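Novice: One structure is given below, represented as structure tokens, and several questions about it will come after.
Laboratory data are not the source of any read-out in this text; all were calculated from the coordinates shown. Model, not experiment: these values are computed from the prediction. Glycine also receives a Cβ, built like all others from the backbone with ideal geometry; neighbour counts cover every protein chain displayed.
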There are 6 protein chains.
Amino acid sequence: MAHVRITRKIEFSAAHLYHNPKFSDEENRRIFGKCNNPHGHGHNYVLEVTIAGEPDPMTGMVLDLKELKDILQREIVDRMDHRFLNYEVPELSGQIPTCENIARVIWKLLDPKIVHGHLDRVRLYESPDLFVDCTAGDSA
Amino acid sequence: MAHVRITRKIEFSAAHLYHNPKFSDEENRRIFGKCNNPHGHGHNYVLEVTIAGEPDPMTGMVLDLKELKDILQREIVDRMDHRFLNYEVPELSGQIPTCENIARVIWKLLDPKIVHGHLDRVRLYESPDLFVDCTAGDSA
Amino acid sequence: MAHVRITRKIEFSAAHLYHNPKFSDEENRRIFGKCNNPHGHGHNYVLEVTIAGEPDPMTGMVLDLKELKDILQREIVDRMDHRFLNYEVPELSGQIPTCENIARVIWKLLDPKIVHGHLDRVRLYESPDLFVDCTAGDSA
Amino acid sequence: MAHVRITRKIEFSAAHLYHNPKFSDEENRRIFGKCNNPHGHGHNYVLEVTIAGEPDPMTGMVLDLKELKDILQREIVDRMDHRFLNYEVPELSGQIPTCENIARVIWKLLDPKIVHGHLDRVRLYESPDLFVDCTAGDSA
Amino acid sequence: MAHVRITRKIEFSAAHLYHNPKFSDEENRRIFGKCNNPHGHGHNYVLEVTIAGEPDPMTGMVLDLKELKDILQREIVDRMDHRFLNYEVPELSGQIPTCENIARVIWKLLDPKIVHGHLDRVRLYESPDLFVDCTAGDSA
Amino acid sequence: MAHVRITRKIEFSAAHLYHNPKFSDEENRRIFGKCNNPHGHGHNYVLEVTIAGEPDPMTGMVLDLKELKDILQREIVDRMDHRFLNYEVPELSGQIPTCENIARVIWKLLDPKIVHGHLDRVRLYESPDLFVDCTAGDSA
């Protein structure tokens, strides 16, 4: 019997900027380029959340998609949509809000909430041309 | 030498509905929501079929794409395109035709037909925002 | 000053079939092909609704998008989403539910409801490869 | 002989927020919803610029696309990409940076710069589901 | 009653190069850039063909899509698909095969063949970021 | 801690043809179909390059995207964009330039150049409906 994973895609819009206070202004500009603009800029982020599991024989479903929708609304959309990520998402505090770091925060927020099946992958698109995948680490 | 997998995408249109006769009418409505509408509704399904294998040095190809096209036409399009999945696809009989279950039926139909290379993944999109992956199970 | 039109895209899933009782069975099969399958099939319809008008200087908006969302939910999604168009949409009664006819019904449903600005175009995709545009007719 | 228009698509990322100081805080929240968040949020804007004209018989081109690329870089990307539109784009000063208003500013910036052929349409996507078209006004 | 136009999208793959023998080699390189490479390069062209007309009350259709498919196969795909446009498409002989010129050739090939309804627009994408529209000219 | 992979997408346009001098003309036509056209044809190739690694705590990045952009420009775009792959890319010499073989050449070109993180996957789209993945082989 084949393994099954189901993926739901959602979107949110947010602003961010890259600045590390441990770097000089010149280093920040050189390393982060236009992303270092102090006013910030923004993106339409596209998030794909993949759950692995065995479909329930009674429903044919790995998990209830309404339940997943509620989790994604509460954990991700309410936290990040129409927000300035540097200032309004405490989980990113002290980190550069790169696509890599945002995807890892999303993984940490969602992983404990998925109880039917388990979180298999988080894919976050910052733009159609750039995306990051998170999957379970070695000790997971 | 890198491993190679090749993926072909096709589309088909079908109708379906979700109803489990072991559930009460109220349970069917609560669990399946609008998908329980007794008249049914439909989707443009998008299917990605991935074959793993070693390219033939004489042709540069993992498998003959015309051969794959014929298999996909005969096994999937002829069976499912412009069909009502609950009533016209015997392989789904007695199952809720969720994206999970349709993808598993597609896996079972295609797996024995792929003889040059082997079936690596079936991905079925029910909509741009929802898709299911099937890959070889533990005992495969 | 340039003319402004704003377009909102939404999606709905529905089933349909093509059959004209004035044609013989053989004519129905020849003219409508696989769309004549008596069980029906379905699509993910994508609808683009375009409103022309002058942006309000106080809001910068042609119309309130929340108001448009409510109109689209009430007039289109509640009527057509997860429905079998032949049996459940009275406005299509007695018509073949082609993309052309569905788009015209949508035009007629929306046109009187748009009171800030005016309806400029309805575009309905039956699939990524086939769509219909409705625009105001000669006497409109 | 058919009329010809050529369209080039580009992208830029920017942050914005909606707030009209003539409205009360409560009105701002009610009218602009999440877009009124004082920290701002952002989008990947997609811009399609359409030029109408007669192809040059010697080159087969309505205009030199390298020339158009330079105009779009100088007039739009350098001004708006990785910017906070409310604070960094003087042309939007005193306006709500809605998709409608940004598209009109882009029209006004580009129209005088297109000297081979003429500007026919500016289409600006704020997201895949929302876009604005500007075309020449009545007196243009 | 709203006006109706229906659009069918197809694809073809072709090679081309830009070279005008009336220009010097240096002019060819400066004007056409990488497109002047004498070996040529290629694209996946996407063609949208739009037909305007009144839906037939008996079929709900502006025209028979199977008939349109046959016209597109015979007039466009058989001529241009998997071809080197400069050497194998006589209609383009003596012209630079820019997107503008290819679209005009397609217009001229299709216009006399559309007898149910009339050809309203030809849109040809050379890439997702560059496309050309042809519509009926002034004297048409 | 979740594993992180970052993917950058780029595009290039190229021409190619399939012909194996060890096959008879008839075999070449039968096996390669329209791809055997001696003039060649072409595609807009889309390349996704995936790098696995640990984000640097100081920058939040697996690798500097400007550095990756330079590698992709030098190793892939400069070699393949606006080229006829059979005649102008020595790495493909003596091979049929199928999507499989091009993807393997790209893997071999990029793998030694990625020094921050490591190359995890090369995905090459020949068209939206056909793509090839390369991943590290058994002995890698």
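Novice: Compute the acute angle (0 to 90°) between the alpha-carbon long axis of helix B:99-110 and the principal axis of greatest extent of the alpha-carbon atoms of chain B; round to the nearest 10°.
Specialist: With rounding to tens, the tilt is 40 degrees.
Novice: Okay, next question. I need two numbers for the protein assembly as shown: Rg to one decimal and Dmax as a whole number, Cα atoms only, in Å.
Specialist: Every Cα atom of the protein assembly as shown included, Rg and Dmax give 27.0, 81 Å.
Novice: Pick out, from E:18, E:114, E:60, the residue whose Cα sits farthest towards the positive end of the charge dipole of segment E:4-138, with +1 on the Cβ of Lys and Arg and -1 on the Cβ of Asp and Glu.
Specialist: About the Cα centre, the residue reaching furthest to the positive side is E:18.
Novice: Residue-wise, which Karplus ³J(HN,Hα) couplings in Hz belong to segment B:85-98, taking 6.51 cos²θ - 1.76 cosθ + 1.60, θ = phi - 60°, and x for glycine or proline?
Specialist: 4, 4, 9, 10, 10, x, 5, 9, 4, x, 10, 6, x, 6
Novice: Here's another thing I want to ask about it. Got a sec to turn the phi values of segment E:49-65 into Karplus ³J(HN,Hα) couplings, 6.51 cos²θ - 1.76 cosθ + 1.60 with θ = phi - 60°, whole Hz, x for Gly and Pro?
Specialist: 10, 10, 10, 9, x, 9, x, 5, x, 7, 10, x, 10, 5, 7, 6, 5
Novice: Here is a follow-up. Once the label point is placed 7 Å from Cα along Cβ, list for residue E:93 the distances to the corresponding points in the other copies, in nm, shortest first.
Specialist: 3.7, 6.1, 6.1, 6.2, 7.6
Novice: Nearest beta-carbon of C to the rotation axis carrying it onto F: which residue, how many whole Å?
Specialist: Closest Cβ on chain C to the axis mapping it onto F, in Å: C:128, 5.
Novice: Amide H to amide H, which residues 5 or more places from residue E:62 or on other chains are under 5 Å from it, using H placed in the peptide plane?
Specialist: E:56
Novice: Rounded to whole Å and sorted largest first, list the principal axis extents of the Cα atoms in segment D:4-138.
Specialist: Ordered largest first, segment D:4-138 gives principal extents of 60, 31, 26 Å.
Novice: What does the net charge come to around residue A:102 if you take all other residues with beta carbon closer than 10 Å to its beta carbon, with K and R at +1 and D and E at -1?
Specialist: Within the 10 Å Cβ shell, the charges total -2.
Novice: To one decimal in nm, how far is residue C:111 from the same spot in the other copies, if labels go 7 Å from Cα toward Cβ? Please give the shortest first.
Specialist: 3.0, 3.0, 5.5, 5.7, 6.4
Novice: Enumerate the amide H contacts of residue D:121 below 5 Å, restricted to partners 5 or more residues apart or on another chain; note that Pro and chain-start residues carry no placed amide H.
Specialist: Sorted by chain and number, the residues that satisfy this are D:50.
Novice: On a straight-distance basis, which aspartates and glutamates could pair with residue A:69 in a cross-link, Cα separation under 16 angstrom, same-chain partners fewer than 8 positions away excluded?
Specialist: A:11, A:48, A:78, A:81, A:111, B:129
Novice: Would you tally the net charge around residue B:135, using a Cβ to Cβ cut-off of less than 10 Å, leaving residue B:135 out, and scoring K and R as +1, D and E as -1?
Specialist: My count for the surroundings of residue B:135 gives +1.
Novice: What size of dipole, in debye to the nearest 20, comes out for chain D about its Cα centre when the only charges are +1 on Lys and Arg C-beta atoms and -1 on Asp and Glu C-beta atoms?
Specialist: With only Lys, Arg, Asp and Glu charged at Cβ, the dipole is about 180 debye.
Novice: So for the pair residue E:22, residue C:24, with labels modelled 7 Å out along Cα→Cβ, what separation do we get in nm?
Specialist: For residue E:22 paired with residue C:24, the spin-label model returns 6.0 nm.
Novice: How many angstrom separate the Cα center of segment C:1-73 from the Cα center of segment F:53-119?
Specialist: 43 Å
Novice: Counting each pair of different Cα atoms once, what's the Kirkwood radius of segment E:35-82 in Å, rounded to one decimal?
Specialist: For segment E:35-82, inverting the mean 1/r across all distinct Cα pairs yields 13.6 Å.
Novice: When the Karplus curve 6.51 cos²θ - 1.76 cosθ + 1.60 is applied with θ = phi - 60°, which whole-Hz ³J(HN,Hα) does each residue of segment C:123-129 get, with x for Gly and Pro?
Specialist: Here the 3J(HN,Hα) series is 10, 10, 8, 7, 8, x, 9 Hz.
Novice: What Rg and what Dmax come out for segment A:1-82 when only alpha-carbon atoms are used, in angstroms?
Specialist: 19.2, 61
Novice: If Lys and Arg each add +1 and Asp and Glu each add -1, what is the summed charge of the other residues whose beta carbon sits under 13 Å from the beta carbon of residue C:41?
Specialist: Once all neighbours under 13 Å are counted, the net charge is -1.
Novice: Output the Cα-based Rg and Dmax of segment C:46-122 in Å, rounding Rg to one decimal and Dmax to a whole number.
Specialist: Taking only Cα atoms of segment C:46-122, I get Rg and Dmax of 13.9, 46 Å.
Novice: Which of F:121, F:83, F:30 ends up with the largest GNM mean-square fluctuation for chain F, with Cα atoms connected below 10 Å?
Specialist: F:30
Novice: Residue by residue through B:79-92, how many Cβ atoms from other chains fall within 10 Å of the Cβ on average?
Specialist: Going residue by residue through B:79-92 and averaging, the value is 3.
Novice: Compute the label-point distances linking residue C:27 to its equivalents in the other copies; points lie 7 Å from Cα along Cα→Cβ; give nm, one decimal, shortest first.
Specialist: Result, one decimal in nm: 4.9, 5.5, 6.3, 6.3, 8.1.
Novice: How would E:61, C:58 line up from fewest to most surrounding beta-carbon atoms within 10 angstrom?
Specialist: By the 10 Å Cβ count, ascending, the order reads C:58, E:61.
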